[in-house]
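Q: My structure is below; once you've seen it, I'll send some questions.
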Amino acid sequence: YPWDKSSLKSMPVDLQQFEKLDAYALKVNVKNSVEELVKALLKQARTDLEKVRAIWMWICHHIEYDVVGYHNKSQLSCKPIDVLQTGKSICEGYAGLFEQMCSIAGIQCMKLLGYSKGYGYKMGQTFTGDSDHAWNAVYLDGRWHLLDSTWGSGAVDDSFTKFTFRYNEFYFLTHPALFINNHFPDNSNWQLLKPTLTLKEFENNMLHNSNFYMLGLLTAHPETAVIQTVNGKASVSVDCRSATLFTFKLKGTDEHGLMTLKKHGMKLDIYPQKTGSHKLQIFAKPSKASEDVYKCVLEYVVECKSVDKAMRFPKDLHQPVGPSWFTERQGFLRPSHPGPIIHTNDGRCSVTFTLGKDISVLASLHSDNSSLTEDMRRRHIMQIHRGNQIELKIHLPHAGNFVLKIYAKKKSDPGNYDYIFNYLITCLNTEAKWPAFPQSYTKWVEDYEILEPLSGLLPANRNVHFKLKMHGIAKVLVQAENTYPLTQNRGYWEGTCNTSGCREVFVMVHENANHSFYSHVLKYEVETQ
C-alpha cells in the first residue's frame, strides 16, 4: 500500500510508550532455553505488539553478527537454541530465532528469504542465484508487517571482520514502500505492495539507506542510481520534511557543482570537469544539530560524456550557493536575487536585501584569474543603506566568473565578521572592465551615499561633478590641487572640482562649524597623463 509520508512504520507506534518495556527486555538474561527466554520477556508484555517489541529488542541487543561464521558456513549452526547459546549468528539465524520466539508467544511469524542491498552491494549491480538475506514478517492487527533484526542490531565494518552493536529503529515494522528499497523477497507477495516491483526495478532503483528516512528526507530525484549528464550537466534534488543542511562530494570534492538549499529540500546541479564515471555522494544533517556531523544519505554514479568548460567555478565558491532559509535566519531577508547565479552583461550588478536588526555587513569579490588584493576585493563593491534596506553595488574589474562573499556580525559585537553565504556572478562580455569604487574612511557613515562620481579613478585635467548624500555635517570640501567647497541642496552636497596637477582627490568634511579641522571621508585616484 502506498506510503503517505507521515510515518516510517506500517502501523501506528508510539516509541515513548515502549520505553519501560524496552528497558526491561534489555535486562532479561536467560540463555538455557528459547521457551524460558520468551516466558521471561512476556512478563511485561500485554498486547501482541508489545510481545513482538520485547522479542525484537532482546534479539537486537543480544545477538551479534557472526563474521567468522559467515566466512566458514560449514561450522555454523542457525538452530534457534544454538543462536541463543552462542549469542551470535548470521541473518538466517536471527530470522529463525525471531520466528521461533514469536511462535512460542502465540504470534504468527514468517521467515522470508530474498536479495538485499546490504554489505558488499555495488551500485547498479544485478542479482542472480540464491537469496543472500533473511528477515521476518509478523501478523499484527489483522495484517502483515516487516522487520529485519539483523540490520536492527548493528553493522559490520568495510573489511567484514568486525561487528559493532548499533541499534537501528528503522528496521522495526518498516513501511513496505520503504522496506522494498533494500529488501527483495523471493516471493513477491511478501513485498506487501500493490503493484509489486520487478527485480529489474529493484536493481535500478536508488538505494536510500536508513539515514535518508531517519533524517526526515522523503524523496530523491532521479530515482535511478546512474545519471547520464546532458550537455555536461546532471541534476539531483531531495525533498524533506523540515529545514535540513546538505553537502555533497563528487569524486571526493564539492568543487564542480551548484547546490541551493530550499525550504523543503535542496537542488544540486553537477558539472563534472572530466568525462567518465564519477561517484556522487550527498550528505545531510538536521539544521538544529549542534555537532557538525553530516551523514551520507544518497550515492549516485554520474556518467559524463562531455564537459561544459564554461561552468568551471572559482575555487573560492562555497556550497550551498545563493540565499535560503538559512541566510534568512541570519537576518538577510527578501533578496532581490533568490537564485544562486547573478548574470551581468556589462559587468555591473546590484543585489538588495532587507536586513534584520543590528546587522553590519562585509562583502568581498573573488575570482581565480585576477590578482585582487584583500583591499581591492572589497573596493569593487559599494554598500548603500536606506533604512533597513541594503544594496550592494558591484562593478567587476573584468569578465569571468566571480564569487560574491557576504559576511555579517552584530553591530554591538566587537568581534569578527562571520561568513554567511555567497553568490556566483558571471560576465561573458570581455569589454567589461570597471575601476574600483573610491576608498572610504571611518568617518564615512553607513547611510551616506555617493551619487557621483562612482568610479574611484577620475580622468586627468577634467572638471568632475560631485554629488554626495550626507547629513549632520557643517561643510564639505573637495581637495585636489586646489580646494573646492560643495554646497548643500536638499540633503545633497554638490559642486565641481578640477583634477589637473594632482594624483589624488580627497573629500573632507567639517563636522562642526566651530571646529577648524576636517576629517577625510573619501579618496579618489586620478589617471596618469
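The values are calculated or read from the model by the stated rules, or taken from the named source; none is laboratory data. Model, not experiment: these values are computed from the prediction. Note that each Cβ is placed from the backbone with ideal geometry, even for glycine, and that neighbours are counted across all protein chains shown. SASA here: full protein model, heavy atoms, side chains in, ligands and nucleic acids out. Shrake-Rupley method; radii C 1.70, N 1.55, O 1.52, S 1.80 Å.
Q: Filter segment 476-490 down to residues that are under 17 Å from residue 448 (Cα atoms) and assigned to a strand (DSSP E or B) and give me whichever is most open to solvent (accessible area, probe 1.4 Å). Lay out the reasoning, then the answer.
A: Looking only at segment 476-490, we keep the residues that are under 17 Å from residue 448 (Cα atoms), and these are 476-478, 486-490.
When the remaining residues are screened for being assigned to a strand (DSSP E or B), the result is 476-478, 486-489.
Numbers: 476: 3, 477: 26, 478: 1, 486: 11, 487: 92, 488: 112, 489: 84 Å².
The qualifying residue most open to solvent (accessible area, probe 1.4 Å) is 488.
Q: OK, next. Return the residues of segment 328-364 that are among the hydrophobic types (A, V, I, L, M, F, W, C), in contact (Cβ under 8 Å) with a residue 60 or more places away in the chain and buried (at least 19 other Cβ atoms within 10 Å of the Cβ); say none if nothing qualifies.
A: Of all residues in segment 328-364, those among the hydrophobic types (A, V, I, L, M, F, W, C) come to 332-333, 341-342, 349, 351, 353, 355, 359, 361-363.
Now drop any that are not in contact (Cβ under 8 Å) with a residue 60 or more places away in the chain, which leaves 332, 341-342, 349, 351.
Selection gives 332, 342, 349, 351.
Q: Could you list, in sequence order, all residues of segment 505-529 that are aliphatic (A, V, I, L, M) and in a loop (DSSP other than H, G, I, E, B)?
A: Filtering segment 505-529 down to residues aliphatic (A, V, I, L, M) leaves 505, 507-509, 513, 521-522, 526.
513 - this is the single residue of segment 505-529 that is aliphatic (A, V, I, L, M) and in a loop (DSSP other than H, G, I, E, B).
Q: Please find, within segment 234-253, the residue that is modelled with the lowest pLDDT out of those that are open to solvent by 40 Å² or more (accessible area, probe 1.4 Å) and in contact with a strand residue (DSSP E or B) (Cβ under 6 Å, 6 or more places away or on another chain).
A: Taking the candidates together, the pick is 251.
Q: Consider only pairs whose beta carbons are under 6 Å apart and that are at least six residues apart or on different chains; among these, list those whose first residue lies in segment 504-516 and is of a type in the set (D, E, K, R) and whose second residue is open to solvent by less than 40 Å² (accessible area, probe 1.4 Å).
A: Note: pairs meeting the criteria are 511/473.
Q: Name the single residue that is surrounded by the most Cβ atoms within 10 Å (Cβ to Cβ) among those in segment 18-48 being under 44 Å from the mean Cα position of the chain (by Cα) and closer than 16 Å to residue 100 by Cα.
A: Here the answer is 41.
Q: Right, next: Here are some residues: 493, 444, 434. Which one is outside any loop (DSSP other than H, G, I, E, B) and either touching a strand residue (DSSP E or B) at 6+ places or on another chain (Cβ under 6 Å) or assigned by the TED database to the domain that holds residue 384 (or both)? Steps first, please.
A: On the way: 444 fails: outside any loop (DSSP other than H, G, I, E, B); 434 fails: outside any loop (DSSP other than H, G, I, E, B).
Checking each option against the conditions leaves just 493.
Q: Right, next: Just one of 46, 53 is over 22 Å from residue 131 (Cβ atoms), in contact with a helix residue (DSSP H, G or I) (Cβ under 6 Å, 6 or more places away or on another chain) and among the charged types (D, E, K, R); which is it? Reasoning before the result, please.
A: Working: 46 fails: in contact with a helix residue (DSSP H, G or I) (Cβ under 6 Å, 6 or more places away or on another chain).
Testing whether each residue is over 22 Å from residue 131 (Cβ atoms), in contact with a helix residue (DSSP H, G or I) (Cβ under 6 Å, 6 or more places away or on another chain) and among the charged types (D, E, K, R) leaves just 53.
Q: Now, a different point. Restricting attention to segment 223-242, report how many residues are over 20 Å from residue 275 (Cα atoms) and either of a type in the set (A, V, I, L, M, F, W, C) or in contact (Cβ under 8 Å) with a residue 24 or more places away in the chain (or both).
A: Number of matching residues: 6.
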